[in-house]
1. How many of the residues in the stretch 17-35 are closer than 10 Å to LYS106 by Cβ and at pLDDT below 90?
2. Mind listing whichever residues of the stretch 99-122 are open to solvent by 40 Å² or more (accessible area, probe 1.4 Å), among the aliphatic types (A, V, I, L, M) and without any contact (Cβ under 8 Å) to a residue 60 or more places away in the chain?
Amino acid sequence: MFKAFKRKVIKMFREFLVYHNSSLEFRAKILTLMVSSNGEIDECEKQKLKEIAHNIYHDDQERADLLIDTVNEYHNKIITKNGLDFEHLIMIVERETKQVKRFAQKIDMDMLMQLHECLPEEDEEEILYQKRILEFLQNLKDEYGEA
């Protein structure tokens, strides 16, 4: 019970309580681009998201859980049209990458490809859409990443 309360407090005040919150939120945004592209997060994506979060923050379980919670929060905002839509999220990711060049290093294409693998092969339109998202992110990484 205490753990659930602590988690809610951290989620509510993560901007003040979480070390390098902007980095965590940027990662959450790029992961949200992948999992929200079709409007839902399926079981495969949930599992891959969990693996990715724990791979990124392998030494910090709470931070990994917070990353997953943040992705889910952004996803819920998109699907409920609560102050965020998919196109706006794309613009935010682009703007933040331009403003904070080190964020380009956080775009891990191998990690994002794991989420892309969750799409069913017969859903060609969604596969193409996610490939465009991956190309967009790769272009951001190439353009703003440090040489």
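The values are calculated or read from the model by the stated rules, or taken from the named source; none is laboratory data. Predicted, not measured: the structure shown is a model, and the values here were computed from it. Don't worry about glycine lacking a Cβ; one is built from the backbone with ideal geometry, like all the others, and counts go over all protein chains shown. The area values use the complete protein model at the heavy-atom level, side chains included, leaving out ligands, DNA and RNA. Shrake-Rupley method; radii C 1.70, N 1.55, O 1.52, S 1.80 Å.
1. Of the residues in the stretch 17-35, 2 are closer than 10 Å to LYS106 by Cβ and at pLDDT below 90.
2. Listed by number, the list holds a single entry, MET113.
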